[in-house]
1. As an exercise, use a Förster radius of 22 Å and the Cβ-Cβ distance of residue 237 and residue 106 to find the FRET efficiency, rounded to the nearest 0.05.
2. Can you run phi through the Karplus equation (6.51, -1.76, 1.60; θ = phi - 60°) for region 321-332 and list ³J(HN,Hα) in whole Hz, with x for Gly and Pro?
3. Add -39500 (n - 2.57) for each DSSP H run of 4 or more in the chain, then divide by its residues: what number comes out at 222 nm, to the nearest 500 deg cm²/dmol?
4. Label point 7 Å out from residue 116 along Cα-to-Cβ: which residues of region 168-194 have amide N under 18 Å?
5. Please list 3J(HN,Hα) in residue order for region 90-106, calculated via the Karplus relation 6.51 cos²θ - 1.76 cosθ + 1.60 where θ = phi - 60°; whole Hz, with x for glycine and proline.
6. In terms of the Cα gyration tensor, with a ≥ b ≥ c the square roots of its eigenvalues, is region 1-139 rounded because a/c is under 1.5, prolate because a/b exceeds b/c, or oblate?
7. Excluding residues fewer than 8 places away in the same chain, name every one of the aspartates and glutamates whose C-alpha is closer than 16 Å to that of residue 49.
8. Could you compute the FRET efficiency for residue 257 and residue 298, with r as their C-beta to C-beta distance and R0 at 22 Å, rounded to 0.05?
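Quick note: the coordinates plus some simple rules give every number you see, no bench work behind them. Given the structure is predicted, the values throughout are model-derived calculations rather than measurements. FYI the Cβ positions are ideal-geometry reconstructions off the backbone, even for glycines, and counts take in every protein chain you see.
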Amino acid sequence: MEAEMREWCVALPKVELHAHLNGSVRDSTLLELAKQLGDRGVIVFEDVKDVIMKNGRSLPECFKLFDLFHILTTDHDTVTRITKEVVGDFAAENVVYLEIRTTPKNNEAKGMTKRSYMNAVLKGLKAVEDVDAVLFDSILRPDETLSRTPVGDLDGVTKKKKIYVRLLLSIDRRETTSAALDTVNLAMEMKDQGVVGIDLSGNPVVGEWETYLPALEHAKELGIPITIHCGEVPNRKEIQAVLDFCPQRLGHVCCLNDEEWKKLKSSMIPVEICLTSNVMTGGAPSLELHHFADLYNAKHPLSLCTDDSGLFSTSLSNEYYLVASTFSLSKAELFRLAQGAVEFAFVDDEVKKFLRAVFEHVARKGL
Ligand code: 6MZ
C-alpha cells in the first residue's frame, strides 16, 4: 500500500515553485566535489564528508552548510553542472514545471559576476540530457498542444520527459541594498532568458527588512513578481512588514501569531509549503502539527515544495506522499493540490494554459 502510494506520487505530474539551486544538489555530487577540493588541499575531505552526510539540519546548521556548499559549487563549470543535474532530477520524478531559484553571486577570486554566474546557470539548463527542458519558448503554437505534453510518455508517445523551467533570482539577506538592487536589475535584464521573479531568502536571523525594501519596491515597480521567505523565525516586525508588502507568494510562513494568521488568510497570498524543511529546521513542531493542515482546511492557496531537496534528503514526490500519509488526503485531493499550483506559477498565461491541459489530460486518462 505504502509502495503503491509512493509510486503514484512519483507518477503524478507536479509543479515545483520553491527549490533553491544549491540546496538541491545531490549528496553524491557534493562528495565528489569535496573529494576534488580535498585532493587539492583546499579543504579537509574527511571533515567535510561528515558534515555532508550527517542528518541534523537545524536552522543555524543549514546556513553553515550553505557556506560550505558555496565553497564546493561556486565556479562557473560547477554551477553549470549542478543546474543540469538538478533539472534532470526534478524531471525524473515527473515535475512538469520547475521554478528554480538561486542567488547570483559575485566572486572576484573566480572571476565571477552575478551576470556570469547566471550565464553558467543558463548553460546548465541548455545542457540537460535525456529530458526535454523547455526554457524560453513560452509561446506555444496551437499545433503544439498535447503532442508536447510533459507527460506524453504516459501514452507511450514520447520517450523523453518534458519539463518547463523558469528562474527566480534570490536576494540573500546578507546583501547590501545596492547588491539587492543589482539582482533586481539583472532579473529585468534576463526577462527574455527565463527569469520570471525575485525571491528574498537567506538566514532569517541575519539582516534587516529595510535593507531589501528598496530593491523589492523597485521590482514591484518594474512589474517583476516577488516571493518572500516569511516567518521562518518569530520576527513580529518583519512578518507584519512582509504581509503589508503583499508579495505574489510567500515561502514557509511558520511562526505567525493569531492575528498574523488571520491577516495571511484574508490576503489569500499563495503559500509555498515546505514540510520536511520546516520540521527539520524547527519551524514546525512535527509533521502532524504542521500549519499545512490549518491552511488546507481554510482552503488557502497552497503549493507543496521541497525547499532544499539535497540538504533535507527529500523530493517533491516524497512531500506529496508525506501529506497523504500524515493528513489522510486522497489521491483526488493530492491531484487537485498539484493541479492548483499551476495557478501560482510566475510564468505567462500561454504556459499555464498548456500546463492546465496536461493536468486535464491526466485527469481524463488516469495515472
Ligand atoms: C532561507 C534559504 C533556505 O541561492 O546559492 N536558502 N533561505 N531559508 C531556507 N530554509 C532552510 N534554504 C536555502 O541556494 C542556497 C541559498 O538559498 C537560501 C540561502 O540563502 C542559501 O545560501 P543558492 O542557489
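1. Numbers: r = 30 Å, r/R0 = 1.34.
Efficiency computed from Cβ-Cβ geometry: 0.15.
2. 4, 4, 5, 5, 6, 7, 10, 6, 7, 7, 4, 5
3. Details: 15 runs with 176 residues, N = 367.
After summing the helix terms and dividing by the residues of the chain, the value is -15000 deg cm²/dmol.
4. 183, 186
5. Taking θ as phi minus 60°, the curve returns 5, 4, 4, 9, 6, 7, 9, 9, 10, 9, 9, 10, 8, 8, x, 10, 8 Hz for region 90-106.
6. Because a/c hits 1.5 or more and a/b fails to exceed b/c, region 1-139 counts as oblate.
7. 27, 32, 39, 61, 67
8. Working: r = 16 Å, r/R0 = 0.73.
Once the sixth-power term is evaluated, E becomes 0.85.
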